[in-house]
Amino acid sequence: MASWLRALIVAAWLVPGLAPNPAQAQDYPTRPVTLVSPAAPGGVIDRLCRILAQRFQEAWSRQIVVENRPGGSNQIAAEYVSKAAADGHTLLVSPETTFVVNPSLYKRLPYDPLKGFTPIAGLVIINQALILNPSVRAETVKELLALANKTPGALNYGTFGLGSSAHLNMEMLQTLSGAKFTAVHYKGATPALTDVIGGHIQMMVVSVGTVVPQWRERKVKFIAVGAAERMPLLPEMPTVAESGVPGYEAVSWFGLFGPPGMPADVVAKINGEVRRTFADPEIRKIMDREYFTPIFGSPEDLTARIVTDEPKWRKVIQAAGLQPQ
């Protein structure tokens with residue numbers, strides 16, 4: 001790890017209030033714990049919250065409440081948790097966009113993406129799939145790019161909204177390949193995927209777990225995965241990078257965060273329970289069914305993801321010409 005990155009991580013981690021106090025961890029939690037989701041019920045974040053809630057409740061014999069606070073590109077939930085008491089009873093389950101994308105999409109955020117939270121643990125990575133409507137005359141990424149170069153902008157792709165992972169991952173593909181596509185923005189993954197299946201739009205990038213059933217039923221073409229390497233659960237599926245777009249990687253990660261200044265021993269207690277949860281063979285079976293890859297590690301590992309990913313997405317957003325709102 002580069003010295004400048006290590007220095008940033010240390011500076012971000014050594015915030016006021018993060019001093020060991022064994023008594024706090026021994027007593028924690030003293031009342032119900034709230035897991036705040038920045039998304040509506042039913043999605044990936046909600047499923048992660050439910051898994052954690054069940055295991056935390058079993059381990060600590062305290063009620064764990066899942067509270068959905070969707071809206072504002074995760075800003076509503078993030079601001080709420082950032083301003084909560086730093087005692088570990090209010091936690092945020094969030095995708096990376098809250099911390100590494102929003103700073104480049106918005107002129108002002110109601111929270112500090114690095115200093116406004118206590119990183120606790122990584123949760124999972126979701127690899128993205130590049131899918132096409134079956135009518136598109138392309139079976140590989142190279143054929144898709146060749147088709148796009150013949151008629152720039154003629155192929156439409158669906159997103160979950162401006163600045164969503166589905167949007168930015170396609171913008172990254174355009175930047176790295178030189179191909180031109182046209183974005184069609186939807187309010188969620190489901191309507192976009194429905195229109196890909198129906199042929200109203202030609203393609204999109206969406207999580208592997210979401211699209212595998214439709215691919216198995218031949219409702220869509222699944223031509224490549226955005227993972228850095230081939231997925232063990234889908235070894236036959238090539239990556240976009242090996243298919244002619246070196247350096248392309250389309251993944252989303254999710255982590256657990258608390259308000260700034262949480263006691264280090266409380267953080268360690270929660271982190272330990274996350275590790276036990278995602279190391280459990282039964283939970284791993286659930287992860288495999290969803291094509292999730294657990295990334296539980298230290299709080300410093302989670303901070304490192306933010307520090308390294310933010311410049312990457314800032315460049316993608318600038319290359320796409322997206323102006324901060």
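Pairs from the table (150/219; 107/315; 150/180) lying more than 19 angstrom apart at Cα are 150/219.
The distance separating the Cα centre of region 177-241 from that of region 253-325 comes to 23 Å. Taking each pair of different alpha-carbon atoms in the chain once, compute 1/r for the pair, average those values, and report the inverse of that mean as the Kirkwood hydrodynamic radius in Å to one decimal. The Cα-based Kirkwood calculation yields 20.5 Å. Ligands, DNA and RNA excluded, the heavy atoms of residue 288 present near 80 Å² of accessible surface to a 1.4 Å solvent probe.
The rule of thumb for compact globular proteins, 2.2 N^0.38 Å, goes into the C-alpha radius of gyration of region 231-325 1.39 times. Computed with a 1.4 Å probe over protein heavy atoms only, the accessible area of residue 76 comes to about 80 Å².
Could you pull out the GluC sites (Glu not before Pro) across region 137-234 that fall in loop regions by DSSP (anything but H, G, I, E, B) with no more than 12 other Cβ atoms inside 10 Å? Sparse-neighbourhood loop GluC sites (Glu not before Pro): 139, 217, 229. GNM remark for the chain: springs join alpha carbons under 10 Å apart, and the peak mean-square fluctuation among 121, 138, 224 falls on 138.
The share of C-alpha pairs in region 101-247 whose separation exceeds 21 Å stands at 46 percent. Residues whose amide H comes within less than 5 Å of that of residue 224, counting only those at least five positions distant or on another chain, are 130 (H built at 1.01 Å from N in the peptide plane).
Antiparallel versus total DSSP beta bridges in the chain: what percent is that, nearest 5?
On the way: 24 of 39 bridges.
In the chain, approximately 60 percent of DSSP beta bridges are antiparallel ones.
A Stokes-Einstein calculation at 25 °C with viscosity 0.890 mPa s, built on the Kirkwood radius of region 140-222 over Cα pairs, returns a diffusion coefficient of 190 µm²/s.
Using a 1.4 angstrom probe with every protein chain in place, what is the largest-first accessible-area order of 90, 118? Working shown, then result.
Details: 90 25, 118 5 Å².
Correct descending sequence by accessible area is 90, 118.
Over the chain, what is the mean sequence separation of C-alpha contacts under 8 Å (at least six apart), divided by residue count, expressed as relative contact order in percent? Write down the numbers at each step before the final one.
Details: 624 pairs, mean separation 91.3, N = 325.
That works out to 28 percent.
Summary value for region 96-241: 30 percent relative contact order, contacts being C-alpha pairs under 8 angstrom separated by 6+ residues.
Computed over the chain with a Gaussian network model linking Cα atoms closer than 10 Å, the most mobile of 111, 186, 157 is 186. Solvent-accessible surface of region 198-288, taken per residue with a 1.4 Å probe and all protein chains present: 40 Å².
The values are calculated or read from the model by the stated rules, or taken from the named source; none is laboratory data. None of these values were measured; they are calculated from a predicted model. Reconstructed Cβ throughout: ideal geometry from the backbone, glycine too, with neighbour counts over all protein chains shown. Just the protein is used for accessible areas: all its heavy atoms, side chains included, with ligands, DNA and RNA removed. Shrake-Rupley method; radii C 1.70, N 1.55, O 1.52, S 1.80 Å.
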